[in-house]
Every structure is written in C-alpha cells, then in structure tokens.
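Here the structure is laid out as structure tokens; the discussion comes afterwards.
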Amino acid sequence: MGRVEGKVAISTGAASGLGEADARLLAAEGASVVMTDINTAAGEVIAGEIGAEFVQQDVSEEATWPMLVERVMDRHGRLNILVNNAAVLYNGTAPELADAEWDEMFAVNVSALFRTSRAALRHMLAAKSGVIVNLASESGLNGEPALGAYCATEGAVIQLTKSMALDHIRDGVRINALCPGETHTQMMDDILKQKGGDFDESLKDFARGIPMGRIADPAEVARCVLFLASEDASYVTGVNFPVDGGNDATGGVYP
C-alpha cells in the first residue's frame, strides 16, 4: 500500500519541475492527484501518464481557487493534501527589477499560495483533517545577490506557513514548508541560459558551491514532499525543511 493511498491531493504548478515530480510521486504512492498549471499541453501529457486529472489554471487569478476546490469536493468528496508548488522568479537588483516583475512574483509566490490555502482550509477544517505543503526555497532563509524580490517572497511563504500552522495546530491540519536548494529544473536551466556562457560549466559551478557537491534531482525533493504529506510526519507542523545539500548549514559560501 502506498504512503498516501486513498488520499485526494491538489498539486499546483505541476506541469514541470518540482510540481511535476511531486505529482508523479503522490500518484505512484496511491493518491488521486489533481494537477493545475498554466501550461495545458504539458500538464495534460503528464496527467495522462500518471492517471491524474489536469485543470488549467492561472494561480494568480483569485476566483479560480474556490471553484477548483469545489470541483474537487464535488468529484471526490474530500481534499486531504494540498501542495503549493507554483512560483515565478526574476533576477535583478532593486534598480534593475521592473515593478511588473516584483508584482508578479508576489502575486504568484505569496498571494496565490495564501488564497489556495484559504480555499483548501475551509474544507480541511470542516473535516478536522488535512495537510498543506508549501514549496518555499532556501532563498527564503538567506539573502542572495540579485534575488532580493524572490528572497522576499519565499521568506513571506515561510512566515505564513508558521503562522497558519499555529492557527490550526489543534484542528487536525498540518502545514509545513519545504525549502529546496539548487535543483535541476527548467527554471534553473532558463536562469543559466539568460546569464549566457557555457551552460555545462555553469551547472558545474553551481555544484561546486554546494557542500554535497552536486545539484539535487527533483525526485529527491519530491520524496520530502511525500514525507510531509504522509502520516510518517504526523507530529510535524510549522517547520521549514531545508533540502539543500548542506547549504543552510554553512552560514556562508562553502569553500
């Protein structure tokens, strides 16, 4: 029997990267997974491969969330797990970053996550049971050059997670944040391509700066999502779980 057998899960941003990885693993471990993403073509392909349901969604559109959760409740009668993966990232110092980029990062990374969680919580609280896993980032724990806005959004996710977990700690609902470090996703590839230079060497440079000496595979992060979503983590709530190859342990650049 899978570790989330019979559970109903929503996974946002699930058409690529970490969202795809955790949707695949949750489905493999027995959950009925509802995937959402703005990318319909990729989302439908993945959903077909894993036996999931795909719903096209722009998470920044507030009205979509109550409708999605109601759709899940109508079809399945319950919502056990919510994994908030959807995020965007723009590089830039304060003088370089456009207002539209700042606004989009907060709309997707923070406001959408709050509204998603609020819609799910209304049903989880009624059932006195549920799990929310928020994908934050090691960037929410430490500052990084030219990532001030992104760091601010991920720090907000971490603090929101802590507060919501305390709000509902005796209501049967657990809420935690996962803080991945450098992970080989399409987002990382896009960032490296924007910087220019030799792509393979850039990947090696990333790896050299990580105490473990390598970049994470999305499946490694997904296994931590599964842990937090399962009853294996029944006494875990309000945590910020670094999955970063030792980055947060260094207190600075690893030699």
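Shown is the FRET efficiency for Glu201 and Ala42, computed with R0 = 30 Å from the Cβ-Cβ distance and rounded to the nearest 0.05: 0.60. Suppose each label sits 7 Å from its Cα in the direction of the beta carbon; what would the Arg223-Glu49 distance come out to in nanometres? Simple spin-label model gives 2.0 nm for this pair. A Förster distance of 35 Å, applied to the separation of the beta-carbon atoms of Ser234 and Gln186, puts the FRET efficiency at 0.55. Compared with the dominant principal axis of the Cα atoms in the chain, helix 199-208 is inclined by about 80°. Sorted on the mean count of surrounding Cβ atoms within 10 Å across their residues, most packed first, peptides 29-37, 189-197, 212-220 read 29-37, 212-220, 189-197. When the Cα positions of Ile81, Thr93, Thr64 are compared along the charge dipole of segment 58-104, Ile81 comes out farthest toward the positive end, with charges on each C-beta of Lys, Arg, Asp and Glu. Comparing Ala233, Ala52, Ala27 in a Gaussian network model of the chain (Cα springs below 10 Å), the most mobile by mean-square fluctuation is Ala233.
The spacing between segment 1-51 and segment 176-250, judged by their C-alpha centroids, is 19 Å. Classified by the C-alpha gyration tensor, segment 116-180 has a prolate form. Its axis ratio a/c, with a ≥ b ≥ c, is 1.5 or above, and a/b is larger than b/c.
Centre-to-centre, using Cα atoms only, segment 126-168 and segment 88-112 are separated by 16 Å.
Within the shell of other residues whose beta carbon sits under 14 angstrom from the beta carbon of Val221, the net charge comes to -4, with Lys and Arg scored +1 and Asp and Glu -1. The portion of the accessible surface of the chain made up by carbon and sulfur, rounded to a whole percent, is 52 (1.4 Å probe; DNA, RNA and ligands excluded). Entry comment: accessible area of the chain is 47 Å² per residue, from protein heavy atoms only and a probe of 1.4 Å.
Over the chain, dividing the summed -39,500 (n - 2.57) contributions of all DSSP H runs of at least 4 residues by the number of residues returns a 222 nm mean residue ellipticity of -14000 deg cm²/dmol. Over all other residues within a Cβ to Cβ distance under 10 Å of Leu192, the charged ones net out to -4, with Lys and Arg as +1 and Asp and Glu as -1. For the chain, modelled as a GNM whose springs connect Cα atoms under 10 angstrom apart, the maximal fluctuation among Gly17, Gly172, Gly77 occurs at Gly77. Using a cut-off of 10 Å between beta-carbons, work out the net charge of the residues near Glu182 (Lys and Arg +1, Asp and Glu -1, Glu182 not included). Within the 10 Å Cβ shell, the charges total -1.
The values are calculated or read from the model by the stated rules, or taken from the named source; none is laboratory data. What you see is a predicted model; the values in this text were computed from it and never measured. Virtual Cβ from ideal backbone geometry, glycine too; neighbours counted across all protein chains shown. Surface accessibility is based on the protein's heavy atoms, side chains included, excluding ligands, DNA and RNA. Shrake-Rupley method; radii C 1.70, N 1.55, O 1.52, S 1.80 Å.
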